[in-house]
Amino acid sequence: MDDLITILYIVAFALFIHGLMGLTGPRTAVRGNLTAAAGMVIAAVAALLTPGTGNWPLIVLGVVVGTVIGVPAARRIRMTAMPQMVALFNGVGGGAVALISWVEFRNSDGYAHQAAYVAVTSLFAAIVGSLSFWGSLIAFGKLQEILPGRPIGLGRAQQPLNLVLLLAAVACAVAIGLGHASPALFLGILAASAVLGVTVVLPIGGADMPVVISLLNAFTGLSAAATGLALDNTAMIVAGMLVGASGTILTDLMAKAMNRSIPAIVAGGFGGTASAAGPGGGPADQTVRQTSAADAAIQMAYAAQVVVVPGYGMAVAQAQHAVREMADLLEARGVEVKHAIHPVAGRMPGHMNVLLAEADVPYEQLKEMDDINGEFGRTDVALVIGANDVTNPAARSNPSSPIYGMPILNVDQAKSVIVLKRGMSPGFAGIENELYFDARTAMLFGDAKSSVAEITEELKAL
């Protein structure tokens, strides 16, 4: 039986890694997801075959409850709500790890007669798992707009408070590790970590939320790997390390894409504070130029190259299929169409790639920021659909702007810019977009899906 379990684990790990490789591109993402899921099923079977596994009614109940809740939720979720679901599912993983640590503490009489590494890893998992669970719940609340998206903090007292909470959790863990097996100490770990998770995420603004979700995901993976060490469960160690490593790398890449350090993001205080606006939504001394669907269609129909810049507004309007239809018409007229993807566009990593892939937009048309920025100078029309902060020239030119230094899509270098937007409300960073007041920019106000559909009808009539 031991050999069979080992073989099953090896097969599962191979599927995990192969599935992860598939997630590197839209074309192979679905296959990669299914491959990794198959690996997890095999790993679960191997775990259940482990000698000593018991309490089958409780295991079956857990599987049934998880299936009844998880499958319908995953099937019915809208793409616009995917970041919330990722945050929630990630939080559940962290919470499960924290509860496992609590059970191990009780079953071992406070780690009596356990190897030191078991106590250390289990206590580490309790701290990080609890922090990840409560932090993910706050992230879910902000993304679901149950909580305000703006930073909520205590100002200068925030970081000292976070440090005190962290030291309190670590102090309780050290006391337990030294032999004080009081349940109150372990509950103190869970409570201090829970409050820390809340106080770390609340001060973080909406613009940083994709990075925070990725960071919490990495935390959950590392806590799961630590629990695997404590339980001597190879599957948890490997899967946890894969999640932790990939989440850490992704967090670092996204932070660099925003020209921000991870400590600066965790320190919070960025985004969500709306600037003063004059009549019509813009600064008092500036006005925007409006256009119509007919004018936008004419401009694009006679362009040599059009670059579509999608953002969260496209996701909210579910306009990706309408965008695909419009692009097909333009290409039929000989116009070269490309889609510019900013690394943090939307509310989670790869949000725009997933939406456009769902609409069967050819992968060759999806251009990363570094690949497309050099082409805006020869682009006739840049069509911005609900993208805000990632197109704001203030990131390059205004040292006083909170997004100064963040790499952006150089949309303002195009010969003409058309922005589809519901109104003049600011983006996640809470600041006005200077692009909207540029002489080459025209605004087409309205729902993105309806606006694209109107442009498409005008293209058909030309």
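The values are calculated or read from the model by the stated rules, or taken from the named source; none is laboratory data. Predicted model only: the values in this text are computed from it and were never measured. All Cβ positions, glycine included, derive from the backbone under ideal geometry; neighbour counts span all protein chains shown. What goes into the accessible areas is simple: the full protein's heavy atoms, side chains included, and nothing from ligands, DNA or RNA. Shrake-Rupley method; radii C 1.70, N 1.55, O 1.52, S 1.80 Å.
Using 21 Å as the Cα-Cα cut-off, could you pick out the over-long pairs in LYS421/LYS449; LYS256/LYS367; LYS142/LYS256? List each step's numbers first, then the result.
Values: LYS421/LYS449 10 Å; LYS256/LYS367 18 Å; LYS142/LYS256 23 Å.
Listed pairs above 21 Å: LYS142/LYS256.
How do TYR404, TYR111 stack up against each other in accessible area, from largest to smallest, with a 1.4 angstrom probe?
TYR404, TYR111
Starting from the 7 Å offset along Cα-to-Cβ, what nm value, one decimal, do you get for the label separation of HIS18 and ASP3?
2.3
If packing is taken as the average number of other Cβ atoms within 10 Å across a peptide's residues, how do 310-318, 171-179 rank, most packed first?
With the highest mean Cβ count within 10 Å placed first, the list reads 310-318, 171-179.
By how many degrees, 0 to 90 and rounded to 10, does the Cα axis of helix 2-22 deviate from the longest principal axis of the chain?
So the helix axis and the longest Cα principal axis differ by about 20 degrees.
Kindly state, as a whole number, the per residue volume in cubic angstrom of the convex hull around the alpha carbon atoms of the stretch 1-94.
Dividing the Cα hull volume of the stretch 1-94 by its residues yields 111 Å³.
Kindly state, to the nearest 0.05, the FRET efficiency for HIS180 paired with MET79, given R0 = 56 Å and r defined as their beta-carbon distance.
0.70
Projecting each Cα onto the charge dipole of the chain (Lys/Arg +1, Asp/Glu -1 at the beta carbon, about the Cα centre), which of ASN410, ALA301, ILE249 comes out farthest on the positive side?
Of the listed residues, the answer is ILE249.
On a C-alpha basis, how far is the centre of the stretch 89-158 from the centre of the stretch 202-269 in Å? Whole number, if you could?
13
Tell me, what is a quarter of the convex hull surface for the C-alpha atoms of the stretch 190-230, in nm² with one decimal?
Across all orientations, the stretch 190-230 yields a mean hull projection of 3.1 nm².
Over the residues of the chain, compute the C-alpha Rg and express it relative to 2.2 N^0.38 Å.
1.10
Rounded to the nearest 20 debye, what is the charge dipole size of the chain about its Cα centre when +1 sits on each Lys and Arg Cβ and -1 on each Asp and Glu Cβ? Please list the in-between numbers first.
Values: 25 positive and 31 negative charges, 118 e Å.
Rounded to the nearest 20 debye, it is 560 debye.
Relative to the first principal axis of the alpha-carbon coordinates of the chain, what is the inclination of helix 183-201, with its axis defined by its Cα atoms, in degrees from 0 to 90 and to the nearest 10?
Orientation of helix 183-201: about 10 degrees from the principal axis.
Using R₀ = 30 Å, calculate the FRET efficiency as 1/(1 + (r/R₀)^6) where r is the Cβ-Cβ separation of ALA96 and ALA37; round to 0.05.
For R0 = 30 Å, the calculated efficiency reads 0.95.
In percent, how large is the relative contact order of the stretch 375-426, given Cα pairs closer than 8 Å and 6 or more residues apart? Could the numbers behind the result be given before it?
Working: 75 pairs, mean separation 25.2, N = 52.
Value for the stretch 375-426: 48 percent.
222 nm [θ] for the chain, helices only, -39500 (n - 2.57) per DSSP H run of 4+, per residue, to 500?
Helix contribution divided over all residues of the chain: -19500 deg cm²/dmol.
With unit charges on the beta carbon (Lys/Arg positive, Asp/Glu negative), name the residue among THR391, TYR9, MET209 whose Cα is farthest towards the positive pole of the charge dipole of the chain.
The residue sitting farthest along the positive end of the dipole is MET209.
Determine the relative contact order of the chain: mean sequence separation of Cα pairs under 8 Å and six or more apart, normalised by residue count, in whole percent. Don't skip to the answer; put the middle values down first.
On the way: 816 pairs, mean separation 63.6, N = 462.
Reported relative contact order: 14 percent.
Share of Cα-Cα pairs in the stretch 136-177 beyond 16 Å, in percent?
In whole percent, the long-distance tail amounts to 58.
Can you pull the Kirkwood radius for the stretch 285-378, inverse mean 1/r over Cα pairs, to one decimal in Å?
14.2
Using modelled amide H (1.01 Å from N, peptide plane; none on Pro or chain starts), what sits under 5 Å from the amide H of GLU336, excluding residues fewer than 5 places away?
Correct list: GLN305, VAL306.
Once all Cα-Cα distances of the stretch 319-462 are split into 5 Å bins that start at 0, what whole-number percent is in each one?
Bins of 5 Å from zero give 2, 10, 18, 24, 24, 14, 6, 2, 0, 0 percent of pairs.
Spelling out what I want: for every residue of the stretch 371-382, take phi, set θ = phi - 60°, compute 6.51 cos²θ - 1.76 cosθ + 1.60 (Karplus), and round to whole Hz; glycine and proline get x.
7, 9, 4, x, 9, 5, x, 10, 8, 6, 9, 9
Going by accessible area, probe 1.4 Å, with all protein chains left in place, what is the ranking of ILE418, ILE262, largest first?
Largest accessible area first, the list is ILE262, ILE418.
Might you work out the accessible area of THR53 for me, using a 1.4 Å probe with all protein chains in place, and round it to the nearest 10 Å²?
40
Helix 56-76 sits at what angle to the longest principal axis of the chain, using alpha carbons and giving 0 to 90 degrees rounded to 10?
0
Can you give the relative contact order of the stretch 26-174 as a percent, counting alpha carbon pairs under 8 Å and 6+ residues apart? Please report the intermediate quantities before stating the final value.
Numbers: 67 pairs, mean separation 34.2, N = 149.
Over the stretch 26-174, the number comes to 23 percent.
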